1. Show which lysines lie in cross-link reach of K34 when reach means a straight Cα distance below 18 angstrom and same-chain residues fewer than eight apart are skipped.
2. Grab every C-alpha pair in region 1-42, bin the distances at 5 angstrom width from 0 up to the longest one, and report whole percents.
3. For each pair in K6/K35; K35/K79; K79/K104, compute the distance between the two Cα atoms and list the pairs where it is over 30 Å.
4. Tell me the label-point distance for the pair I44, K111, using the 7 Å Cα-to-Cβ offset, in nm and rounded to one decimal.
5. What order, most packed first, do the peptides 104-110, 11-17 have when packing is the mean number of other Cβ atoms within 10 Å of each residue?
Amino acid sequence: FRFVIKGSLAGAAVYVAYDQGLLGSGTQGAEALKKAQAALPPAIQEWTSYIGWEVSTVQMNTLPPTPKFDFSPSDSWNKGVQTVMSALSVAPTRACEYTVEGWKYVKDHVK
């Protein structure tokens, strides 16, 4: 029974992430982040009124602002791909260098 509940929650989370555009391109992810930043203060106000806490608009305005991200998921993805490809391109050379160093180490300790 627990497995069904956990699976349902995980499936719902994936569906919501897909529906909001978080699993799409970098542009869609950036748009979803902007929507979330715009929706956060009204959601906090609604949640606190539902719970019964008294939060005035003065208190709402004293909340720290949502962080501004100068972050492009597509640029980060491209940088990651470039880093991995660079590491793979030098891998054979490094493997040869490490093999030579290893043989030197073994020869020096066998003597």
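Each value in this text was obtained by applying a stated rule to the coordinates, not by laboratory testing. The structure displayed is predicted, hence computed values, not measured ones. When we count neighbours, we look across all protein chains shown, and the Cβ atoms used for this are built from the backbone with ideal geometry, even at glycine.
1. K68
2. 5, 24, 18, 18, 15, 11, 8, 2
3. Check vs 30 Å cut-off fails for K79/K104.
4. Between I44 and K111, the simple spin-label model gives 6.9 nm.
5. 11-17, 104-110
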